[in-house]
Amino acid sequence: MSNSNLYYLFFLLLLLLPLPLLLILYLLVRPRPVKIPIKNRHVFITGGSSGIGLALAHQAASEGARVSILARSLDKLEQAKQAIQLSTGIDVAVFAADVRDYDAISKAISEADPIDVLIVNQGVFVPQELEKQELDEVKFMIDVNLMGSFHMIKAALPSIKNNRTDRGPASIALMSSQAGQVGIYGYTAYSASKFGLRGLAEALQQEVIADDIHVSLIFPPDTDTPGLVEETKLRPQLTSIIAASSGAMKADEVARKALSGIKSGSFFIPCNFEGLLLSVATAGLAPQRSYLMAFVEIVAAGISRFAALCFQWSWYGSIEKWHTQNKNHS
């Protein structure tokens, strides 16, 4: 056999080898693929008066959804309502309530139309090393980011489940963070509150799949919002050094990525390339609807672990260098 024929056979085998695995994955992935429409459906967004939540409300309204937004400040909600109306011509419903108050949340849900897409977007962040941080601040982040999500979902589930068969597939999307995929210096309490959302989402998906409800976890990086401006002022120096490796996104960009992922029923919704790498590296036992993405996760498992070790090498190198410099200056 000539060399050219050997090369041809080699490349043919290289192309054909993945096909059995792709076929197996096509039959294996669960839950099955789904499309979740947005147009003419009720999208309920918490933390909807500013930042990513407001951008999501704009995006959903522009795609023809009936939108409700919830936040603590009625004044900010009214400003958001006017801004959405001016840009899209759509009138949105507003609800003033604190996600830490289950009774207030339940009352708001009872006054709203039945929900098709719930986006649990509220979040607070006070960056600081755990040793220096007040426990009240730790509790504040856990109560808003994690317990607030429990409150919102538990209160909304009856509304989402009601006549679901006649209304088509529904979605519950939780706004996590890249700090919910990997722990970062100065994010001890915040990362804990966001990592908790993954456990909530994985277990909840199993509980609600029979009701045609599909759960998503959204992982934005630093996002250019009023909250980021305030947070950056409070960051420990080391946090800023480590976080500098990930660029900030615009809230509109995050909203587009998030809504696109919700419509495709994706469990993990990364918002940039670094987020995609993190999603592959941390896939673990998470559900996966896409057999192609499952193939990527399997093939790239070793490579992504190597990349993760490179990131850790860089971060721990920065930490060691910072402490050495500060010791020399003291």
Original post:
Any idea which of (1) within 22 Å of LEU259 (Cβ to Cβ); (2) open to solvent by less than 20 Å² (accessible area, probe 1.4 Å) is the one LEU25 doesn't satisfy?
Top reply: (1)
Subject >> Which listed residue is in contact with a Ser or Thr (Cβ under 7 Å, 6 or more places away or on another chain), open to solvent by 30 Å² or more (accessible area, probe 1.4 Å), within 30 Å of GLU131 (Cβ to Cβ) and of a type in the set (Gly, Ala, Ser), from GLY183, GLY199 >> reply: GLY183
Subject >> Top-ranked residue in segment 211-226 [being modelled with pLDDT under 95 and open to solvent by 50 Å² or more (accessible area, probe 1.4 Å); ranked as nearest to GLY180 (Cα to Cα)] >> reply: ASP224
**OP:** Kindly establish whether PHE219 is under 15 Å from GLY47 (Cα atoms) and of a type in the set (Phe, Trp, Tyr).
**Re:** no
Original post:
For segment 48-57, does any single residue satisfy the condition of being within 19 Å of the chain's Cα centre (by Cα), closer than 23 Å to SER290 by Cβ and touching a residue at least 12 places away in the same chain (Cβ under 8 Å)?
Top reply: yes
Subject >> Subset of segment 59-70 (residues that are open to solvent by 10 Å² or more (accessible area, probe 1.4 Å), under 15 Å from LEU118 (Cα atoms) and within 21 Å of the chain's Cα centre (by Cα)) >> reply: GLN59
Subject >> Complete set of residues in segment 217-241 that are among the charged types (D, E, K, R) and closer than 21 Å to ALA258 by Cβ >> reply: ASP222, ASP224, GLU231
Subject >> All positions within segment 116-142 that are open to solvent by 40 Å² or more (accessible area, probe 1.4 Å), within 29 Å of VAL208 (Cβ to Cβ) and part of a helix (DSSP H, G or I) >> reply: LYS139, PHE140, ILE142
Original post:
Pairs, please: C-beta under 8 Å, at least 6 apart or cross-chain, first residue on the phi > 0 side of the Ramachandran plot and in segment 140-167, second open to solvent by 10 Å² or more (accessible area, probe 1.4 Å)?
Top reply: ASN163/PRO114
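The values are calculated or read from the model by the stated rules, or taken from the named source; none is laboratory data. Being a predicted model, the structure only gives us computed values, none of them experimental. Because the Cβ atoms are built from the backbone with ideal geometry, glycine has one as well, and the counts that use them run over all protein chains shown. Accessible surface is based on the protein model in full, side chains and every heavy atom, while ligands, DNA and RNA are left aside. Shrake-Rupley method; radii C 1.70, N 1.55, O 1.52, S 1.80 Å.
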